[in-house]
Amino acid sequence: MLEARNITKEYGHIVALSDLSLSIPDGTIVGLIGPNGSGKTTFIDLVTGFSKPSQGELFFKGERIGGRRPHEISRLGIGRTFQETRVFKKMTLLENMLVASPTLERSESIERARDQLKWVGLSGLEDRQASALSYGQQKLLEFVRTLMSDPTFVLLDEPTAGISPFLTQRMLESFRALRDKGKTLVIIEHNMDVISCVCERAVVLQHGQKIAEGSPAEIQRNSTVQDAYLGGG
Ligand code: ATP
């Protein structure tokens, strides 16, 4: 689904990603983990066109996408969420959903929006302002808003950070349901329980480089990963 080949991203003298190569297989949920500042969000920004690689190539279904604009990437079927939620707080939930669906007929969009909101337990709140939602509900809203364009590949930046165990569970069930429909997901996550619960594989970054890749169980046993998080010795 996605292949990154020798990607480097520099911000001035800061090297956010360094010669990173990785593949995301079709129909899987892959966890992207690593200490703060290791380059996880930079990776999502590059894949979704929010910034351009300094070097290297990105391929989506075999097509070069590195350096393309966000709206072009979105049209290819790639969606994302942000670490800090970006819902429109003064708009209703339904309006939030409809801005993400410009290409459908209005009645079709409304039906899809209502279905998606219901799917994550937000039905009955369609006409409320997004500001009335809890932080976790806003994250759910942003997540399903991303799905309005029916992406095949979704990158989620810390989707469960700061939300209740109940809403986390709801989010994880949604991820599995998407995978069962054939979608591919990349999840940036700090909580290893979440990774173990939904991801087939995890990739670990440190200082912009891949230091490990494998099943969640393999990653947890990996001494390089343990050192990265806890310090050597
Ligand atoms: P966190 O877990 O804290 O969100 P991260 O693994 O997502 O961290 P990034 O946000 O990708 O890490 O940052 C990687 C490095 O690049 C950091 O040193 C960060 O300060 C730097 N960086 C990221 N974006 C920019 C930018 N727009 N300008 C300058 N430096 C940046």
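The values are calculated or read from the model by the stated rules, or taken from the named source; none is laboratory data. Remember, it's a predicted structure, so these values are computed and weren't measured experimentally. Here the Cβ is made from the backbone with ideal geometry for all residues, glycine too, and neighbour counts use every protein chain on show.
The table below gives the values:
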{"read-out": "Residue list for the range 109-157, filter: farther than 25 Å from residue 194 by Cβ, out of contact with any helix residue (DSSP H, G or I) (no Cβ under 7 Å at 6 or more places or on another chain) and polar (S, T, N, Q)", "value": "129, 131"}
{"read-out": "Top-ranked residue in the range 209-233 [being closer than 11 Å to residue 35 by Cβ and either touching a strand residue (DSSP E or B) at 6+ places or on another chain (Cβ under 7 Å) or among the β-branched types (Val, Ile, Thr) (or both); ranked as modelled with the highest pLDDT]", "value": "211"}
{"read-out": "Output for the range 200-220, where each listed residue is away from the ligand (no atom under 12 Å from the Cβ) and not in a strand (DSSP E or B)", "value": "200, 215, 216, 217, 218, 219, 220"}
{"read-out": "Restricting the range 30-50 to residues that are within 12 Å of the chain's Cα centre (by Cα) and not β-branched (Val, Ile, Thr), the residue that is farthest from residue 187 (Cα to Cα)", "value": "45"}
{"read-out": "Those residues of the range 45-72 which are in a helix (DSSP H, G or I) and either surrounded by fewer than 21 Cβ atoms within 10 Å (Cβ to Cβ) or of a type outside the set (Val, Ile, Thr) (or both), in sequence order", "value": "45, 46, 70, 71, 72"}
{"read-out": "Filter result (within 8 Å of the ligand (Cβ to nearest atom) and over 25 Å from residue 151 (Cβ atoms)) within the range 16-37", "value": "35, 36, 37"}
{"read-out": "Residue 196 vs. criteria polar (S, T, N, Q), free of Cβ contacts under 8 Å to residues at least 60 places away in the same chain and either assigned to a strand (DSSP E or B) or farther than 30 Å from residue 91 by Cα (or both)", "value": "yes"}
{"read-out": "Whichever residue in the range 1-15 is more than 10 Å from the ligand (Cβ to nearest atom) and outside any loop (DSSP other than H, G, I, E, B) and, among such residues, is surrounded by the most Cβ atoms within 10 Å (Cβ to Cβ)", "value": "7"}
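So that you can scan it fast, the table gives a plain yes or no per residue for (1) crowded, with 17+ Cβ neighbours inside 10 Å; (2) within 16 Å of the ligand (Cβ to nearest atom); (3) modelled with pLDDT under 95:
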position: 111; (1), (2), (3): no, no, yes
position: 123; (1), (2), (3): no, no, yes
position: 155; (1), (2), (3): yes, yes, no
position: 163; (1), (2), (3): yes, no, yes
position: 174; (1), (2), (3): yes, no, yes
